[in-house]
Each structure stands twice: as C-alpha cells, then as structure tokens.
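One structure below.
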Amino acid sequence: MKNINVYYGKLQVLWDMSFKVEEGEIVSLVGSNGSGKTTTLRTISGLLHPPTGTIEFLGERIDRLPSQKIVAKGVAHVPEGRGIFSHLTVTENLKIGAYTSNAWKKKEETVKFVHELFPILEERKNQIAGTLSGGEGQMLAIARALMSKPKLLMLDEPSLGLAPKIVMQIFDLLKKVSKEGITILLVEQNVWQALELANRSYVLETGRVTLEGTGKELLENDQVKKAYLGL
C-alpha cells in the first residue's frame, strides 16, 4: 500500500497511508476507534477505491479492481461483526465462501481442511449458523474466508465481543492458519494480543501510520504502553 488517501464523501479518513505485508507474515494494525483500521481493510478488499495512491498484491496493482476480482486473486476479508448468513447452515456458509471458480473446484478438499482446523464446525455442519455461539460464529467466518483459498487473510476485530477464554482459542487458531502458509493482516483492538501474535505491526492514529516495528518492539515502546496497554 503506497501513499493511499481515502475519503467518505468530502471527509478524508486515510492520509498518505503506506505499509507492506510480506509473504508468510502476520502483520497487525492497531489503534483506537476511528484511527482508520477498518477503512484500510475495506480499501484493500475493493469496497472503497482511493483517488490517489496504489495497492499492489503479488506485483499486480489491485486498487482499481472490483472486490470479486480481488478475492479471486487471493485476498479474503473477514469483516467486523463476522457477517455470516445466519439463516443458512454451517456447511452452506462454507460453500458460499468457495464461490470463485478455482475455489469451487476444490471445495470438498477445502471443507476437509477447515474441518481439521475447526473440528467444532464439523460437529455443527448441519446446524443453522444463527444458533452458534459467538466464538463458533467467529470460527465459521474465518473458515468461510479460507474456503476461497486465499494467499492473504485479512481479519477485522476477530476478538470483538468474545469471552477471554474464546479469544485465546481464536488467536491460537490464527497461529495454525499462519503455519499453513497463509499470510495474515490483522486489525485488532486487543493490542497486547495483536502485538504478541504479529511478526510486525503498525500503529494507526487519525488515518496515519505513526509507529511501526516488530510486535516485540512495539510491546516495549513507551508510547504504546501508555496509550494502549495502560502501563
């Protein structure tokens, strides 16, 4: 992402935004509400189109492409609030995630893969998604994104509204996903968890990158400790 500026109407939300995610990394974006984290993910996934700047994925410019073509190129986005189809079964939700032609051909293989990562979803495969617990719903949202066979998985606040024990399970699952070779870009208000998990992190404030470094470096940064960790 290079020198991206994004507006909602006349209101500018991202200012000259630049950062990178290397293949195989877990990179976290942290910051307070309104810092531009969700807007950043929405811009990468093609829901917003920046008037200036460029976004490249695997050497190809994608900032002018529609969302469905960005998904087909290997970018999956798990939105804040999960966005599962509550009236459909778990299996039906998963199959919707494999709607691109290449993913559809391998859907049975990928279902087996996500069942191995999330055994509870196999147990719940015929259950209506709206009856799942919050943690199970979040697992389904992640699994549905994995059904598209992504190279980059973007997650927006995966711990939102979950009990601490379930949050730990979700972060453990993200480690497993990373070990499968999938690159992760994580937006998360649970700053300690996000920095602990990430190889590298960026701090966003009012639509700008103000700090960057390894997760460990930012955990030890006095500004981060004061502003986000209460230390």
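Here are the numbers for this structure:
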| quantity | calculated |
| --- | --- |
| Distant-in-sequence amide H partners of Met154 (H built 1.01 Å from N, under 5 Å) | Ala76, His77, Val78, Leu185 |
| Cleavage-rule hits, trypsin sites (Lys or Arg not before Pro), the range 49-109, DSSP coil, Cβ neighbours within 10 Å at most 14 | Arg64, Lys106 |
| Percent RCO, i.e. relative contact order, over the range 83-149, from Cα pairs under 8 Å lying at least 6 residues apart | 55 percent |
| Set Lys20/Lys225; Lys95/Lys149; Lys20/Lys107 screened for pairs whose C-alpha atoms are more than 22 Å apart | Lys20/Lys225; Lys20/Lys107 |
| Of all DSSP beta bridges in the chain, antiparallel share, percent nearest 5 | 45 percent |
| Filtered GluC sites (Glu not before Pro), the range 1-46: DSSP coil and at most 13 other beta carbons within 10 Å | Glu22, Glu23 |
| Ranked by how many other beta carbons lie within 10 Å on average, peptides 154-165, 111-122 from highest | 154-165, 111-122 |
| Residue-averaged [θ]222 nm for the chain, counting only DSSP H segments that reach four residues, each worth -39500 (n - 2.57) | -10000 deg cm²/dmol |
| Percentage relative contact order, the chain, counting C-alpha pairs under 8 Å, at least six apart | 28 percent |
| Lys151-Ala163 pseudo-label distance in nm [points 7 Å out on the Cα-to-Cβ vector] | 4.0 nm |
| The range 83-149: C-alpha gyration tensor shape, a/c 1.5 cut-off, then a/b vs b/c | prolate |
| For the range 48-78 and the range 143-178, distance of Cα centres in Å | 21 Å |
| Degrees between helix 134-146 axis and first principal axis of the chain (Cα, 0 to 90, nearest 10) | 90 degrees |
| Over 22 Å (Cα to Cα) - which of Lys10/Lys151; Lys2/Lys216; Lys2/Lys151; Lys112/Lys176 fall in this group | Lys10/Lys151; Lys2/Lys216 |
| Fraction of antiparallel bridges per DSSP, the range 142-231 only, in percent to nearest 5 | 55 percent |
| Cut-off 15 Å between beta-carbons: net charge of the residues surrounding Leu162, Lys and Arg +1, Asp and Glu -1 | -4 |
| About the Cα centre, charge dipole magnitude for the chain (Lys/Arg +1, Asp/Glu -1 at Cβ), debye | 580 debye |
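Each value in this text was obtained by applying a stated rule to the coordinates, not by laboratory testing. Source: prediction; values computed, not measured. We place every Cβ from the backbone using ideal geometry, glycine too, and count neighbours over all the protein chains shown.
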